[in-house]
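The values are calculated or read from the model by the stated rules, or taken from the named source; none is laboratory data. Note that the structure is a prediction, hence the values are computed from the model and not measured. Every residue, glycine among them, receives a Cβ derived from its backbone with ideal geometry; neighbour counts consider all protein chains shown.
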Amino acid sequence: MMHGPPIIANVSRCSVVDLTEQVQRLRADEFGRDLFTMPAFEMLLDLYTCKSRQPRSLTALTGASSASERNSQRIVHRMAERGLVNLRRDPNDGRRILVELEPEATELLDRFFDRMVELFAVLPTREPSDR
């Protein structure tokens, strides 16, 4: 049963992104990182929130995922096939693969989080007896 006092808050895209990161960490802490996984979203969120650290090496990015390194690499390659990320060789070290968000992926994530803001804005206040 869910109940408690209603919480009134102003939300923005940045606050929703921060909340999403906190919820991801809370989920992992409470249920374990291996039980409920969303590796593609975890990596997209990492790239989205760490724009100053882009491009990221493939190895560093896979560390942001709850999946194994091998599975994370497969997921990154699928994201590249779908046009979400760009993969390229590091010009200083040809063994490293660099990953960065494509502009369309940034726009997609912007829309996703803006839609979450809209959902929060119209969230109904429920009384305990409403459940």
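For region 28-40, the set of residues classified as modelled with pLDDT of 85 or more and either surrounded by 16 or more Cβ atoms within 10 Å (Cβ to Cβ) or touching a His at 6+ places or on another chain (Cβ under 9 Å) (or both) consists of 39, 40, listed by residue number. Of the residues making up region 102-114, those that are over 13 Å from residue 84 (Cβ atoms), surrounded by 12 or more Cβ atoms within 10 Å (Cβ to Cβ) and not aromatic (Phe, Trp, Tyr) are 110, 114. Please indicate, with yes or no, whether at least one residue in region 62-78 is of a type outside the set (Ser, Thr, Tyr), touching a residue at least 12 places away in the same chain (Cβ under 8 Å), more than 24 Å from residue 25 (Cβ to Cβ) and not in a helix (DSSP H, G or I). No, region 62-78 contains no residue that is of a type outside the set (Ser, Thr, Tyr), touching a residue at least 12 places away in the same chain (Cβ under 8 Å), more than 24 Å from residue 25 (Cβ to Cβ) and not in a helix (DSSP H, G or I). Select from region 89-101 the residues that are of a type outside the set (A, V, I, L, M, F, W, C) and surrounded by 12 or more Cβ atoms within 10 Å (Cβ to Cβ) and write down the one among them that is farthest from residue 28 (Cα to Cα). So, considering only residues that are of a type outside the set (A, V, I, L, M, F, W, C) and surrounded by 12 or more Cβ atoms within 10 Å (Cβ to Cβ), the one farthest from residue 28 (Cα to Cα) is 90. Among the residues of region 41-53, just one is surrounded by 15 or more Cβ atoms within 10 Å (Cβ to Cβ) and of a type in the set (S, T, N, Q), namely 49.
Across region 10-27, the qualifying residues are those that are hydrophobic (A, V, I, L, M, F, W, C) and more than 15 Å from residue 46 (Cα to Cα), and the one among them that is surrounded by the fewest Cβ atoms within 10 Å (Cβ to Cβ) is 26.
Cβ-Cβ distances below 9 Å connect the following pairs, each with a first residue in region 4-26 that is of a type in the set (Lys, Arg), a second residue that is modelled with pLDDT of 85 or more, and a separation of six or more residues or different chains: 13/110; 13/113; 13/114; 13/116; 13/117. Checking the stated criteria, residue 94 turns out to be among the small types (Gly, Ala, Ser) and either more than 23 Å from residue 39 (Cβ to Cβ) or assigned to a strand (DSSP E or B) (or both).
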